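Heads up: the structure comes next, in structure tokens.
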Amino acid sequence: MLPRQVILPPLPPTANFNKSFNPNVCHVCKNVLPWKLISCQLCGMIFYCKEEHKQLHANEHNEICGALVKLKNQMDTFCRRDVTTTKERLDLKYEHIKFIQQEMHRRLQPYEKQMIFYEKSCLACRTNINLTDTCPSCLSANSCSDHALKDFPHDCENLKICMQINMMHVSHPEIFEYQRMLPRFSHIMESATFDNMVSLIQQLFYCDGNTPSWSLAHICYTDILSKPLTLFYGMRRANLFYNSHIKLFAVHIIVNDIEILRSLQTWEFLLHILGEYKILIVIMIGRNIPASQTGAVEVCEDCNKYLRELQYECWHMSYVEYTNSAFYRKSNVVVAFDAKFMQEISGRTILTLMDEKSPLLITTGELFEAEQNVRKIQQVLGSSLTPIIYERNRFASYQPHRNHDSRFVYFPNYHLIIYSSLVSANDPIQTSDFPPAE
Ligand SMILES: [Zn+2]
Ligand SMILES: [Zn+2]
Ligand SMILES: [Zn+2]
Ligand SMILES: [Zn+2]
Ligand SMILES: [Zn+2]
């Protein structure tokens with residue numbers, strides 16, 4: 001396992017280089033030379049250590065470069081309004097991405113989105129000209145000749161972890177092939193005793209509970225295990241598993257991040273701890289799901305023997321559309337991971353969630369987002385509706401994620417909110433029954 005302190009050595013160019021982007025390293029060899037890099041002269045948004053590496057990437061870069069140049073030429077249309085707050089800047093970036101995707105008639109790859117979100121600019125004034133300083137530790141903060149980096153603090157330690165994990169997609173892609181871990185995860189979790197993420201990671205990897213000594217791989221595993229564990233232990237903690245003759249457990253997930261499609265394999269371990277339920281169906285619903293499809297995830301030998309199944313369904317439609325469609329299937333629980341209800345979910349969706357009459361589990365990275373969700377639900381359904389659980393999630397991810405266009409990070413699923421349903425008032429569970437995590 002890769003120890004966390006290791007500075008990644010320069011790599012020979014590989015086919016993997018498009019798996020990460022950072023404007024302070026050569027895009028091709030990932031050499032760290034922020035003061036020596038040459039940029040693409042046309043768009044100015046991607047950097048290389050030498051002409052040769054620029055040429056190596058030219059064919060792949062051409063398409064987005066053309067769209068970026070077109071965008072810059074039309075910048076007036078985009079910049080006529082005042083953009084000062086983080087939210088306004090972020091909205092503008094989403095507009096840019098929309099424009100570029102329309103120009104290219106395709107979705108942006110993850111590294112191309114990072115080019116837009118993490119454009120090299122001064123962290124104080126956001127200019128992208130006369131950049132003179134780069135933080136040598138996290139490679140994620142730059143400043144211009146009018147501003148000194150030290151006057152504008154950034155979350156250097158966590159941004160450094162973000163940067164290293166981003167680079168690990170290039171240097172150690174095998175860490176992200178979760179299916180390799182599957183049999184091990186499932187068998188350990190069947191017998192392990194843990195009630196928080198730290199103690200689980202200790203038992204899975206025989207490491208100590210001192211999180212700063214964890215390897216980057218440990219941190220990445222908390223990120224992919226966080227969703228299924230939050231769901232299972234949240235349900236159990238809120239006493240929402242009912243005895244049922246039906247052997248099937250269906251989860252609706254309102255999707256805003258399609259990353260979940262890639263890590264669904266890790267949900268297999270739930271079959272080992274769901275007790276009576278033999279079939280787990282994960283139903284992902286959202287407009288940004290690329291295409292509707294259904295299928296089954298490979299399960300371990302034991303699950304095959306006991307006829308346990310993990311099925312998935314993806315529906316490219318809104319939640320309201322889904323519940324009115326022919327594909328609709330009643331849920332045991334509805335989940336919104338890292339939910340921003342204020343911005344993304346309409347009052348109509350909340351009314352539909354009420355009609356569903358299932359438990360609702362919401363997680364957020366930031367406290368203000370958790371508060372906004374609770375308030376939005378009260379605005380639509382009345383102020384007496386309060387969650388039964390509203391706390392710091394003991395199965396939150398320990399992987400920092402960079403906030404787009406900000407100097408700070410968040411941890412996915414940090415805050416946990418559970419309603420037994422949206423139909424009527426919920427009695428809060430006494431926190432003394434189950435002390436919150438540290
Ligand atoms: Zn290079
Ligand atoms: Zn270019
Ligand atoms: Zn500046
Ligand atoms: Zn830094
Ligand atoms: Zn299994």
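Throughout, read-outs are computed from the coordinates displayed, never taken from laboratory work. Since we're looking at a predicted model, the values are computed, not measured. Here the Cβ positions follow ideal geometry from the backbone for every residue, glycine too, while neighbour counts run over all protein chains shown.
If you place +1 on the Cβ of every Lys and Arg, -1 on the Cβ of every Asp and Glu, and leave all else neutral, what size is the dipole of the chain about its Cα centre, to the nearest 20 Debye? Present the calculation step by step, with values, prior to reporting the outcome.
Values: 43 positive and 45 negative charges, 107 e Å.
Approximately 520 debye in magnitude.
Under 5 Å between amide hydrogens, built in the peptide plane, is the criterion, and for Ile253 it picks out Ile283, Met284, Ile285, Val335 among residues at least 5 positions away or on other chains.
So what is the relative contact order for the range 106-224, in percent, with contacts set as C-alpha pairs under 8 Å and at least six apart?
Numbers: 92 pairs, mean separation 16.7, N = 119.
About 14 percent, as a whole number.
Normalised by the number of residues in the chain, the average gap of Cα pairs under 8 Å and 6 or more apart makes the relative contact order 13 percent.
If R0 is taken as 25 Å, the Cβ-Cβ distance between Asn304 and Ile188 corresponds to a FRET efficiency of 0.85. Once both labels are positioned 7 Å from their Cα atoms along Cα-to-Cβ, the gap between Tyr206 and Glu51 label points is 5.4 nm. From most to least packed by mean Cβ count within 10 Å, the peptides 216-222, 377-383, 253-259 give 216-222, 253-259, 377-383.
Computed from phi, the 3J(HN,Hα) profile of the range 309-321 under the Karplus parametrisation 6.51, -1.76, 1.60 (θ = phi - 60°) reads 10, 10, 10, 9, 9, 10, 10, 7, 6, 6, 5, 4, 4 Hz, with x in place of Gly and Pro.
Pairwise alpha-carbon distances in the range 178-419 exceed 28 Å for 30% of all pairs. In whole angstrom, note down how far apart the Cα centers of the range 21-61 and the range 240-311 are. So the two Cα centres are separated by 42 Å. First measure r as the distance between the Cβ atoms of Ser292 and Asn239, then evaluate 1/(1 + (r/R0)^6) with R0 = 41 Å and state the FRET efficiency to the nearest 0.05. So the FRET efficiency works out to roughly 0.75. For the range 50-114, the list of trypsin sites (Lys or Arg not before Pro) that fall in a loop by DSSP and count at most 16 other C-beta atoms within 10 angstrom reads Lys50, Arg80, Arg81, Arg106, Arg107.
Return the subset of Lys305/Lys357; Lys87/Lys340; Lys305/Lys330; Lys278/Lys305; Lys113/Lys376 for which the Cα-Cα distance in this structure is over 23 Å, preserving the input order.
Working: Lys305/Lys357 34 Å; Lys87/Lys340 13 Å; Lys305/Lys330 27 Å; Lys278/Lys305 11 Å; Lys113/Lys376 30 Å.
Result: Lys305/Lys357; Lys305/Lys330; Lys113/Lys376 exceed 23 Å.
Note on the chain: dipole from Cβ charges, positive end direction compared against Ser263, Ser137, Leu42; the farthest Cα belongs to Leu42.
If you stretched the chain out fully between Glu276 and Asn16, how much longer would it get, using 0.36 nm times the residue separation minus the C-alpha to C-alpha distance?
Values: separation 260, 0.36 × 260 = 93.60 nm, distance 4.31 nm.
That pair, Glu276 and Asn16, stretches by 89.3 nm at full extension.
For Leu351 and Ala326, a Förster radius of 35 Å and the Cβ-Cβ distance give a FRET efficiency of 0.95, rounded to the nearest 0.05.
In this simple spin-label model, placing a label point 7 Å from the Cα along the Cα-to-Cβ direction at both Lys340 and Ser145 gives a separation of 3.6 nm. Annotation for the range 172-233 versus the range 338-378: alpha-carbon center distance of 28 Å. Placing unit charges on each Cβ (+1 for Lys and Arg, -1 for Asp and Glu) gives the chain a dipole about its Cα centre, and among Ser325, Asn166, Ala238 the Cα reaching farthest toward its positive end belongs to Ser325.
Residues whose amide H lies under 5 Å from that of Ser358, counting only those 5 or more places away or on a different chain, are Leu422; hydrogens are built 1.01 Å from N in the peptide plane. For the range 245-257, backbone phi angles converted through the Karplus equation (6.51, -1.76, 1.60; θ = phi - 60°) give residue-by-residue couplings of 7, 7, 8, 10, 10, 10, 10, 8, 10, 7, 8, 10, 9 Hz, Gly and Pro being listed as x. Couplings 3J(HN,Hα) of the range 375-387, computed from phi: 5, 4, 5, 5, 4, 7, 10, x, 6, 6, 7, 10, x Hz, in residue order, whole Hz [Karplus 6.51 cos²θ - 1.76 cosθ + 1.60, θ = phi - 60°; x for Gly and Pro].
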